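A short reminder: the numbers here are calculations on the coordinates, not readings from a lab. All of these numbers come straight from a predicted model, not from anything done at the bench. Here the Cβ is made from the backbone with ideal geometry for all residues, glycine too, and neighbour counts use every protein chain on show.
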There are 2 protein chains.
Amino acid sequence: MPPPLPTLLPTLPPAAHAGDTLAAIDTPALLLDLDAFERNLDAMQAAASAAGVALRPHAKAHKTPAIALAQLQRGAVGICCQKVSEALPFLQAGVADIHISNQTVGLPKAMLLAQLSLHGRFSVCVDAVQQVADLAAATAALASRLAVFIEIDIGQGRCGVADAPAVLRLLDALAPHPQLRFGGLQAYQGGVQHVRGHAQRRDAAARAAERTAAMVAALAAAGVACPVVTGGGSGSVEFDLASGVYTELQPGSYVFMDADYGRNEAGAALRLDHSLFVASTVMSVGGGGRCILDAGLKSLAVDSGLPLVWQAGAPSSTLTYAAANDEHGIVRAADGAGLPALGSQLLLVPGHCDPTLNLHDALVAVRGGVVQDLWPVAARGLSR
Amino acid sequence: MPPPLPTLLPTLPPAAHAGDTLAAIDTPALLLDLDAFERNLDAMQAAASAAGVALRPHAKAHKTPAIALAQLQRGAVGICCQKVSEALPFLQAGVADIHISNQTVGLPKAMLLAQLSLHGRFSVCVDAVQQVADLAAATAALASRLAVFIEIDIGQGRCGVADAPAVLRLLDALAPHPQLRFGGLQAYQGGVQHVRGHAQRRDAAARAAERTAAMVAALAAAGVACPVVTGGGSGSVEFDLASGVYTELQPGSYVFMDADYGRNEAGAALRLDHSLFVASTVMSVGGGGRCILDAGLKSLAVDSGLPLVWQAGAPSSTLTYAAANDEHGIVRAADGAGLPALGSQLLLVPGHCDPTLNLHDALVAVRGGVVQDLWPVAARGLSR
C-alpha cells in the first residue's frame, strides 16, 4: 500500500552537513577551503602588522559575518562595507566598527546610518556638500555621531573630489556639525588592482600613492591634519603598505583570490591562494568533446571572465569552462582528452569573487575535503 | 537631553510601500511596469491561443510566484522551472503543474523531485539512462509519479540526445517503471533566440523545427507517439507557434523584454515592451562628463551587455551606462549634454533579465508611476 499523501510541502535541505565529504555536497554550492582561507587571512594580517598599517578588510567581497569575525580575531581594526544596508548583518553579528567606503545620497539612507551608529562606531564617505547636509540632519535627529571621510579621486575617475580646495569646502560644510567628526581621507584607485605585470602594477600604485601624498601635504599646508588615510585593494596592497602614505588598508578579495586576481603577476612579499570554489556536477555528457555542468550565470559571476576548472585539488590541464548559460556551464576537453563521467563533481574557481558571493545564501566551509560548517552569506543582496 | 540608546538593532525597511511615487523608492530596486508587463502577458497568451499551442512560460526568467499566477490566470497550462529546488516556492504558492526543463543527476535531487510530485503534476527531462535509474528509484521509494521528457539536441550542442536510436534506448529504460510516464520530447535551441535579423532568426528557427519534426517522424515510424513536444523561447516563439511542430512553448523573457532581446529585430506578429527596470540614484557627480549611479554588478547582470539608461519614461538620447563596478555604475553624457543632478533617479533596462532577477529579493510593481505592491522573488538563489 502506498504511504498516505503528506500534508506538508517538503523544504529544501541544506547543501551539506558537517562531516560530509565533498562528493556528498548538493550542487551548485559555494565552497571555502579553510586551510587556504586561513593562510590568506594570516598572510595579510602579518603584512599589515609588519608595516604598522591598520587592516580594515572590505566585507563587500565576502558578505559573511563569520569571515569578518575571523578577520577581527586576527587583528583587523574593523571592516568596510560598500552600502549602508550591507552593514546590518555584520553589526548584528557583533562587528562594531564599520566604515561605509562610499557615498550615500538621500535622507532615508542617512537616517538608517544614523540609527546604526547608535550601536557602533561608524564612518562614511562624502564628496559633495549635499551629502554632508543629509548626514547632519539625520545624526542631529537621532543624537548620533559619525566619522566622515572625504573621498579623493586619485586617478580612477569614479567618486571623490579632485583637489584640496574641494576638500576644504567639505571641511567647511562639516564644521557646524559637532556630531560629524572629520575622519580623514579615502583614496582608492580601482584601476590599479588588475594591472597584470608586477612592475607595472607597482608603478601604477606608486602614481596613485603620490597623488594621495600630495593631497595630504596640501591639506597640511592649509593646517588640516588627516587622522586616517584609508584606501587600497588586494592588487595594490603590497605597494600601499610600503608607501608610507596610507594609515589603513581595505583589501577584500585577498580572502578568496579569484581567477581574475590570480592572473596578476604576484610579488614575493605576499602569496595568496585560491580558497573559493563553486562545486558543480556533470549533468549531461554530449558528443563533441563537451560536458554540461549544473553551474552557470546564476551560480558564478562572469563579468571578469569565465571560471577555471579544477580536478582532484589542482587546475585541470585539459578541461575548459567555455560558456555560461543561466543554469548550465559548457565544459570542453582538449583534443583527445577524456571527459568526466555523468555525475562527477568539478570545482570551479570563479572569475570575480564579490558578485559570486552575492549569488549564494551560504558558504560551505571545508577542511581537508570534509565539510566543517555552513556560513550564512548574510549580507547577500543588501545593495541599498 | 539625547534619547536613550535603543536596545534593538534597526531592521532594513522595504524599498517601497504601496502608494509611493517612483522618487520615493529606495534604490537600487527592481521595478516592474505593470502596464507593459500585462500587455506582454496578454500578447503572448493571445498568440499561443490563436495558434492552438499550449503556453508553459519559463519561471526561471522571473522566479516570482505572483507572475506565475498571473500567467496561469491568462491561460498558461503550467510553468517550467530549470532546477528542482526552483519549483518549491511556486508549488507553495499554488502552482501545481511544473515541468523541470532540464536534467537532474543524483539521488538527492531525484528524491526531492519525487517528494514534490506528491503535491502536484511534475515532469522532468532526461538524456541518459542513469538519470532514469535515479528517478525510478526515488519515485518507487515514495510511491510518486512523474512524466519524463526526453530532451533532443536540435542544434544547440548543449543537453539532449542526437538521434532516434538514443531516444528509443531511453524509452526502453523507462518501460519497466510504470510510475515514470513518457511525457514527450523537449527540443530547445538557445542559439536561435538572439539572432538579430528577423529573417535570419526565422530561418534559424525553421532549421531547429525541422530537426524536431524529423525526430517526431522517426519515432512515429518506430511506433512511438510523442504526447507533447515542448520547447521554444522568447526569440523564436512567433516562428515556433507557426511551425506546427510544437504542442507547447516555454518562453520566459517575453514577460520583461530585456535590453538584449530588445536588440532583436521584432516581427509584426508579436510586439513586446520593456517592463523591467532597475531604479538607481546618482550618488556622485564628478568632472569629465560622468556621474556615478548606485547600481552596479550586484544589482544588474551584465553577461549580455550593459543596461540602457531611461529618463522621463523613455530611452535617454544622451546618457550611456559605460561601466559596472560591484556597487557603482559609471554613466557618461554625450558631448555637451547635461548630467543629472546628485540624487536624481535614473531607470536602467537590464541587459539580461534572468540573472538580474536572481540578484533581487523583491520586485516593486508600479503602475502609472505609483507603487502598487512588492512581489517576493521567492525562487531567487534556488539553483540546486
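What separates the A:Asp361 label point from its copies, with the point 7 Å along Cα to Cβ, is 1.1 nm, written shortest first. Residues A:Asp42, A:Asp26 in ascending order of nearby Cβ atoms (within 10 Å, fewest first): A:Asp42, A:Asp26. From its DSSP helices (H runs of at least four residues, each -39,500 (n - 2.57)), chain A gives a residue-normalised ellipticity at 222 nm of -8500 deg cm²/dmol. The string of couplings for the range B:145-159 from the Karplus curve (6.51, -1.76, 1.60, θ = phi - 60°) is 10, 9, 8, 10, 9, 9, 7, 10, 8, 10, x, 6, x, 10, 8 Hz, one whole number per residue in order, with x for Gly and Pro. By the Stokes-Einstein formula, at 1.002 mPa s and 20 °C, chain B with its Kirkwood radius over alpha-carbon pairs has D equal to 96 µm²/s.
Only one residue of A:Ala204, A:Thr247, A:Gly184 has its Cα farthest out toward the positive end of the dipole of chain A, where Lys and Arg carry +1 and Asp and Glu -1 on Cβ, and that residue is A:Gly184. Placing +1 on each Lys and Arg Cβ and -1 on each Asp and Glu Cβ, with no other charges, gives the range B:34-256 a dipole about its Cα centre of roughly 200 debye. When the charge dipole of chain B is built from unit charges on Cβ atoms (+1 for Lys and Arg, -1 for Asp and Glu) and taken about the Cα centre, the candidate among B:Leu112, B:Ala334, B:Leu363 whose Cα reaches farthest toward its positive end is B:Leu112. With kT/(6 pi eta Rh) evaluated at 10 °C and eta = 1.306 mPa s, and Rh the Kirkwood radius from Cα pairs, the range A:230-352 diffuses with a coefficient of 101 µm²/s according to Stokes-Einstein. Based on alpha-carbon centroids, what's the gap between the range A:260-317 and the range B:70-120 in Å, whole number please? First find each Cα centre; the distance between them is then 29 Å. Here the dipole of the range B:11-149 is about 480 debye; that uses its Cα centre as origin and unit charges on the Cβ of Lys and Arg (positive) and Asp and Glu (negative).
Counted over the protein assembly as shown, the DSSP beta bridges are approximately 50% antiparallel. Straight Cα distances below 17 angstrom link A:Lys63 to the lysines A:Lys83, B:Lys298, with same-chain residues fewer than 8 positions distant left out. DSSP bridge analysis restricted to the range A:35-262 gives an antiparallel fraction near 0%, rounded to the nearest 5. Among B:Phe256, A:Phe182, sorting on how many other beta-carbon atoms sit within 10 Å of each Cβ, with the fewest leading, yields A:Phe182, B:Phe256.
Placing +1 on each Lys and Arg Cβ and -1 on each Asp and Glu Cβ, with no other charges, gives the protein assembly as shown a dipole about its Cα centre of roughly 200 debye. Over the range B:122-196, the fraction of Cα-Cα pairs per 10 Å bin, rounded to whole percents and listed from the shortest bin up, is 20, 48, 23, 8, 1.
Given R0 = 45 Å, the distance between the Cβ atoms of B:Arg271 and B:Ala222 translates into a calculated FRET efficiency of 0.60. Extending 7 Å from the Cα toward the beta-carbon at both A:Thr320 and A:Ala43 defines two label points whose distance is 2.7 nm.
Residue by residue along B:142-155, Cβ atoms of other protein chains within 10 Å of the local Cβ number 1 on average.
Near the amide H of A:Ser234, within less than 5 Å, lie the amide hydrogens of A:Gly252, A:Ser253, A:Tyr254, all on another chain or at least 5 residues away, with H placed in the peptide plane. The phi-based Karplus calculation (6.51 cos²θ - 1.76 cosθ + 1.60; θ = phi - 60°) puts the 3J(HN,Hα) values of the range A:55-66 at 9, 10, x, 8, 7, 5, 5, 10, 6, 10, x, 4 Hz, whole numbers, x for Gly and Pro. Derived scalar couplings between HN and Hα for the range B:128-137 equal 8, 4, 4, 5, 4, 4, 5, 5, 5, 5 Hz in order, rounded to whole Hz, by the Karplus curve 6.51 cos²θ - 1.76 cosθ + 1.60 (θ = phi - 60°), x for Gly and Pro.
Inter-chain Cβ neighbour count for A:20-27, averaged per residue, equals 2 (cutoff 10 Å, partner chain atoms only).
Pull up the DSSP beta bridges for chain A and report the antiparallel fraction as a percent, rounded to 5. Bridges in chain A are about 50 percent antiparallel. Compared with the dominant principal axis of the Cα atoms in chain B, helix B:164-174 is inclined by about 80°. A convex hull fitted to the Cα coordinates of the range B:34-256 yields 106 cubic angstrom per residue. What separates the A:Thr11 label point from its copies, with the point 7 Å along Cα to Cβ, is 1.8 nm, written shortest first. Kirkwood-type hydrodynamic radius, the protein assembly as shown: 27.3 Å, calculated from all non-identical alpha-carbon pairs. Cα centroids of the range A:141-167 and the range A:358-380: 35 Å apart. Modelled this way, with points 7 Å down the Cα-to-C-beta line, the labels at B:Ala23 and A:Leu171 are 3.6 nm from one another.
Distances between equivalent label points of A:Gly52 across the copies, with each point positioned 7 Å along Cα→Cβ, amount to 8.6 nm, shortest listed first. Peptide B:292-303 has a mean shielding of 6, counted as Cβ atoms of other protein chains within 10 Å of each residue's Cβ. Across chain A, the mean sequence separation of Cα contacts (distance under 8 Å, 6 or more residues apart), normalised by length, yields a relative contact order of 22 percent.
As a rough footprinting exposure proxy, the listed residues A:Leu32, A:Leu171, B:Leu374 were ranked by other beta carbons within 10 Å of their own, and the order from fewest upward is A:Leu171, B:Leu374, A:Leu32.
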